[in-house]
Amino acid sequence: MSSAVRQITVATDPGTPYFLRVDFAVSLSAGFTLALSDGISAWNGEVSVDEVMREAKVIKAPMEEYVEDLHQALMGGGQGRGGERRASEGDIYSFDLSLDRLQLSYHKMCDGVSVHLGSLKLQPAAHPLALTREMIGQALKSNTNLEKENSLLLDENRKLKEDHVQIIQELERQVQDKETTTRDLYTHFVMVLNEKKAKIRSLQDALSQLQPTTRLQRTQRDDHISLGEDVSLDSKTETTESSHLSLEPTLLTAGRSTEIQKKSTRGA
């Protein structure tokens, strides 16, 4: 069984503070009981599951949506003005109590339109003071639990803020390290690039100095080849002429020998 106690303001009696307790098993859709107290008198009432289903059909709302409205009206929402319970900026919940305090109704104001969520008949409590003390005790216990939960949430929020600050600092440090590394890499790259450029210029200068010497050596080699070809041609000419000169005496000598032999034959 779940139970929730809250202080409400009734629109028909705004000057009197009321305490409302809601008891239910699993969900408000299965029915619930109410206890109302003004600190002196107390009343009890009950809403069955059939009445919950009937009210949902009357306002033509899905059961899930209607139960959510019941939860906001009876247990949730912030305190508004004039007995209103504000769940959000668009939805306003309020309570009305009959003059004889024997009927409590609850409404929803949405976009200026009032929607009747339900009502129940109240019975005077047999022991109003005991019921009032019990409701006040439950309210104080609920308030203590809420304070503990709030304290835990505050501690968790503080830790989250500290973690957030540490994460931001770590991110800033990593950004600075990245910028430093990028500058160092760029500086090293520029140095290497300048060294490569200087080496290329040095090689280009050395190549430009070697080119005139190479041209001169190539010219001298070409001249030497040309001169060698001329000399060889002259040598061939001289050799040919020598061979012709050497052949002429030989032919003359042979002719004379023939003539002498012929003369000798004739004399004989």
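The values are calculated or read from the model by the stated rules, or taken from the named source; none is laboratory data. Note that the structure is predicted; figures quoted are calculated from it, not measured. All Cβ positions, even for glycine, are placed from backbone atoms using ideal geometry, and neighbour counts span all protein chains on display. The protein model used for the area step is the full one, side chains on, heavy atoms only, and it has no ligands, DNA or RNA in it. Shrake-Rupley method; radii C 1.70, N 1.55, O 1.52, S 1.80 Å.
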Can you tell me which residues in region 44-74 are open to solvent by less than 30 Å² (accessible area, probe 1.4 Å) and not charged (D, E, K, R)?
Gly45, Val47, Val52, Ala56, Ala61, Tyr66, Val67, Leu70, Ala73, Leu74
Quick one: would you say Ser151 is under 14 Å from Leu34 (Cβ atoms) and free of Cβ contacts under 8 Å to residues at least 40 places away in the same chain?
no
Here the qualifying pairs (Cβ atoms under 7 Å; residues six or more apart or on different chains; first in region 99-110 and farther than 17 Å from Leu74 by Cα; second open to solvent by 30 Å² or more (accessible area, probe 1.4 Å)) come out as Leu102/Lys121
Give all pairs with beta carbons closer than 8 Å in which a residue from region 121-142 that is farther than 16 Å from Ser2 by Cα meets a residue that is outside any helix (DSSP H, G or I) and of a type in the set (Phe, Trp, Tyr); count only pairs at least 6 apart in sequence or on separate chains.
Leu122/Trp43; Gln123/Trp43; Pro124/Trp43; Ala125/Trp43; Thr132/Phe19; Ile136/Phe19
Taking the condition touching a strand residue (DSSP E or B) at 6+ places or on another chain (Cβ under 7 Å), at pLDDT 85 or above, of a type in the set (Lys, Arg) and open to solvent by less than 40 Å² (accessible area, probe 1.4 Å), does Lys121 pass?
no
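If we scan region 126-141, do we find a residue that is surrounded by fewer than 10 Cβ atoms within 10 Å (Cβ to Cβ), modelled with pLDDT of 85 or more and under 30 Å from Leu34 (Cβ atoms)?
Step one: of region 126-141, the residues surrounded by fewer than 10 Cβ atoms within 10 Å (Cβ to Cβ) are 126.
Next, from what is left, pick out any that are modelled with pLDDT of 85 or more: 126.
With under 30 Å from Leu34 (Cβ atoms) added as a condition, the list becomes 126.
Yes, that holds for at least one residue.
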Somewhere in region 148-155, is a residue over 30 Å from Ile8 (Cβ atoms), basic (Lys, Arg) and open to solvent by 70 Å² or more (accessible area, probe 1.4 Å)?
no
I'm checking my understanding of the structure. Among residues of region 1-43 that are open to solvent by 60 Å² or more (accessible area, probe 1.4 Å) and touching a Pro at 6+ places or on another chain (Cβ under 9 Å), which one is farthest from Ala139 (Cα to Cα)?
Ile40
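Being within 18 Å of Arg6 (Cα to Cα) and either at pLDDT below 90 or in a strand (DSSP E or B) (or both), is that true of even one residue in region 45-64? Outline the logic, then answer.
First, the residues of region 45-64 that are within 18 Å of Arg6 (Cα to Cα): 45-46.
Filter once more, keeping what is either at pLDDT below 90 or in a strand (DSSP E or B) (or both): 45-46.
Yes; the residues of region 45-64 include at least one that is within 18 Å of Arg6 (Cα to Cα) and either at pLDDT below 90 or in a strand (DSSP E or B) (or both).
Is at least one residue of region 174-184 under 20 Å from the mean Cα position of the chain (by Cα), surrounded by 10 or more Cβ atoms within 10 Å (Cβ to Cβ) and not β-branched (Val, Ile, Thr)? Outline the logic, then answer.
Taking region 174-184 first, the residues under 20 Å from the mean Cα position of the chain (by Cα) are 174-175, 178.
Now narrow it down to the ones that are surrounded by 10 or more Cβ atoms within 10 Å (Cβ to Cβ): 174-175, 178.
Now restrict to residues that are not β-branched (Val, Ile, Thr): 174, 178.
There is at least one residue in region 174-184 that is under 20 Å from the mean Cα position of the chain (by Cα), surrounded by 10 or more Cβ atoms within 10 Å (Cβ to Cβ) and not β-branched (Val, Ile, Thr).
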Identify the single condition in (1) modelled with pLDDT under 90; (2) open to solvent by 80 Å² or more (accessible area, probe 1.4 Å) that Gly82 does not satisfy, given that it satisfies every other one.
(2)
